[in-house]
Every structure is written in structure tokens, then in C-alpha cells.
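Where a number appears in this text, it was derived from the coordinates with a stated rule and is not lab data. Fair warning: this is a prediction, and the values are worked out from it, not measured in the lab. No Cβ is skipped: glycine too gets one built from the backbone with ideal geometry, and neighbour counts run over all protein chains shown.
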Amino acid sequence: MPPPKVVIANQIRVLRFNHREMTQQDLAERIGVSRQTVNAIEGGKYFPSLEVAFRIAQVFGKPLDEVFQCVMSPQ
Amino acid sequence: MGASFEEKSVWVQLTCTVLALGAYFAVAGVMLWSGITALPAYVPLFIVSIVVMVILLIAGHLIAVLSGKAEGRDERDRLIEWKAESYSSWLLGVGVLTAVTAMIFGIENVWIAHLLLLTLFLSEVMAFTLRIVYYRRGV
């Protein structure tokens, strides 16, 4: 039986809104990637490295699992 | 979502490569078809194609820089490039192996040179196309 598919969800959009509507550009500059990469992460089109994931969590002052969640779904 | 400078650069490289080397292969194909098998006859055409490609690349990148902020490459750009190269490099490998086989069978140099050039061209076009797909659809 194949392992369940892992989908990584994130709360970046909500966290940005709660941080005085921080723009994608602001977040991108603080974590050292392009605005398009932040957009791709938010939209689930790109899963960042652990380093960038921790940087994002650090910017919002949250633990990693409050920013990214692992959702298991059947194949 | 507006394209990043890196994505614009890939579009520019794809367009310039297809235009310049595509034109080269169109003309060289006609020359080969008409029986010109002396390799030096293709050198001026090749040089002109490369010069045109370089000029187009410079112009395209200038437009890309002027149309928005040129950020540096990040981990997503590097992953996309690596993944596209890993899926397209087999084409060049096939070309090299076919060229070696052709040498063993005594095929004329002009055919071998163009086979190598064609597979390099196709490999690059495939890599650029895959990079654009990964930028648009996600990686």
C-alpha cells in the first residue's frame, strides 16, 4: 500500500494580515528571497527549504508548526 | 503574479535561442539539402547567428531590467534550474553517443557537427521551456 500523499499547507497569508498587512515584498526582503517566491510559497506552488521556513516563522514570531502544517491525504 | 527577473531572463534566453539558432538551422538545412558538405562553408553563417543571438540577449535583458526590479537568484530559482537541466540533459547525451556512432561508421563531419549542434540546441530549448513551466505551475 503506497504511503499517503503529504500536502503542506501554510498560514502565511493570515499571518501577514495579522502583522499589519505586511506585504509579500516586505516578507521577501526579510527572509532573503524574491516576492514571486513568497507568492509561490503562499499559493502552495513551492515548498521552501527548512532554512527559509524557519526564517518565515521567525519573522512572525511563531513556532514552525503554526506557520506550516502537514496534511495527509489518501493517494 | 508578475514574473521575476529570473523568469523574464529565461523567456529572453528561450526566444533568442529559438530565433537565432532556429534561423541557423533553417538556412543550414537548405545548404545541407543542396549538397554542401564542406564544414567551413557553414562557419560564417554560424558566427552571424551567434552574434545576432548575443545582441538579442543583451537587448532582451536590458528590457527585462528596465521593466522591473532585478532581484538576485534565490533557492527556488536554483531548484528550478537544476530540475530543468536534469530532465533535459539526456538529449545532449543522446546526441553525443549518436555522433560517436556516426564517426565509427564514417559519416561526414558536417553531419556529425550539425547533429551535435542540433541536440545541444534542443536540450537548451527543452531546459528553458521546463523552467518556464516550473515557474508557472510550481515546482
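Quick notes
- Fraction in percent of alpha-carbon pairs per bin - 5 Å, region B:60-139: 3, 15, 16, 16, 15, 12, 9, 7, 5, 2, 1
- P(r) histogram, all alpha-carbon pairs of region A:5-73 included - 10 Å bins from 0, percent: 21, 61, 16, 1
- Alpha-carbon centroid distance for the pair region B:48-88 / region A:21-46, whole angstrom: 21
- When the alpha-carbon atoms of region B:5-137 are used, the pair Rg, Dmax equals 17.1, 53 angstrom.
- Of the complete DSSP H runs in chain B, those spanning 20 angstrom or more by Cα along the long axis with a mean Kyte-Doolittle score not below 1.0 are B:5-33, B:43-66, B:109-137.
- Between A:Pro48, A:Met22, A:Gln36, the Cα set farthest toward the positive side of the dipole of chain A (charges on each charged residue's Cβ, about the Cα centre) is that of A:Gln36.
- Per-residue average of Cβ from other chains inside 10 Å of B:75-83: 3
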